[in-house]
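Below is one structure, written out as structure tokens; comments come after it.
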Amino acid sequence: MQQQDVLITGGAGFIGSRVVRELSNTSANITAVDTCFTGNQTLIPETVRFEQIDIRDEAFNDLISDINPDAIIHLAALHYIPYCNEYPEEAFEVNVMGTRNLLSAARELSTLETMIFASSAAVYPPREEPNSETSDTGPTDIYGQTKLIGEDLMELFAAQTDTTTAVGRLFNVYGPNETNEHLIPAILQQVRAGKREIDLGNLTPKRDFIHVSDATTALMTLLKHADDGYNTYNIGTGNEYSVREVVEKTSNALGEEITIRQDDERVRESDRPHLQADISRMRSTFGWEPRVEFVEGLSELLQQDDEVLVT
């Protein structure tokens, strides 16, 4: 990779910090931005410039102008769906108006070549078959709605500026340093505490779980090789597992039997039954493949402490 000035929003978060660390091994000059609302600055290498700024603030616009980056990877968002549903105005402000503010500042840049936007599989409606990038969208929650608006803003930005703009629709990312109370952290937290009967909510929904290292390589691939214009890409594995199957896989990784007790307080009334990726576009366009097998990824997590780790 040629030396680039790269700005990463959400750079202290679960996925963003991993992208920052991968890019820090290249010749890129990196600036990571995060409010640390859920992110953690300790995940940022000391060699990387870090700014604790909200993407909605005027100071963020000044920072973009000062850096004049060649590429932007926009990961900053409120993305825990129960939180977004509870605070929809805040989710809209951060995810939509924050993105709009970033793009407004980016339009003034003289050197910007590439824009990468982290969207979500939440833009798809419930369906039994795998979702392709040409499938109809139809989000069923506030988070998915904000991400779909973000995609529209990105498409308009690409058309108006002729900037190479790639959208990565991330499916269910898991791995070390996850900052929200999603399914796998909830399971691992209880298992690490010594429980072998664990409390969970909905047990039948199926999801496409992708390891954070594979999600990172996908985003890095888009940064290096994205086609000109505006394009969307699914970032998943093409496989889906139910909550029960995730527990079975965790049991296999642990080598001990785990049983489930359904906790009514954890049950989500509107949890979709399926969410699976068709990743043929990433495969055919870039030759990208996910590499971490699910049980292998769970085994690595089980071997780690329940603390923030840099791996």
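A few points about this structure:
- Between Asp152 and Thr42, the FRET efficiency from the beta-carbon distance, with R0 = 35 Å, is close to 0.50.
- Principal-axis tilt of helix 183-192 within the chain, Cα atoms, nearest 10 degrees: 50
- Choice from Gln160, Gln52, Gln189 with maximal GNM fluctuation in the chain (Cα, 10 Å cutoff): Gln160
- Inter-label distance for Ser110 and Ser24, nm, one decimal - labels placed 7 Å from Cα along Cα-to-Cβ: 3.1
- Antiparallel DSSP beta bridges within the chain, percent to nearest 5: 5
- Magnitude of the charge dipole, the chain, Cβ model with Lys/Arg +1 and Asp/Glu -1, debye to 20: 520
- For segment 23-101 versus segment 246-263, the gap between their alpha-carbon centres in whole angstrom: 36
- Simple label model, 7 Å out from Cα along Cβ direction - Arg261 to Arg49, nm: 5.3
- Inter-probe distance in nm under a simple model that places probes 7 Å from Cα toward Cβ, at Ser280 and Thr140: 2.5
- Each 20 Å bin, from zero up to the one with the longest distance, holds this percent of the alpha carbon pairs of the chain: 34, 59, 7.
- Taking the C-alpha atoms only, the angle from helix 212-225 to the longest principal axis of the chain is near 20 degrees.
- Residue among Met115, Met220, Met154 with the largest mean-square fluctuation in a Gaussian network model of the chain, springs linking Cα atoms under 10 Å: Met220
- When both segment 159-237 and segment 119-135 are represented by their alpha-carbon centers, they are found 14 Å apart.
- Footprinting exposure proxy ranking of Glu46, Glu240, fewest other C-beta atoms within 10 angstrom first, gives Glu46, Glu240.
- For the chain, the longest principal axis of the C-alpha atoms and the axis of helix 243-254 are separated by about 80°.
Values quoted throughout were computed directly from the atomic coordinates according to the rules given, and no laboratory measurement underlies them. Keep in mind that this is a model prediction, so the values were computed, not measured. Ideal geometry is used to build each Cβ from the backbone, glycine not excepted, and the neighbour counts take in all protein chains shown.
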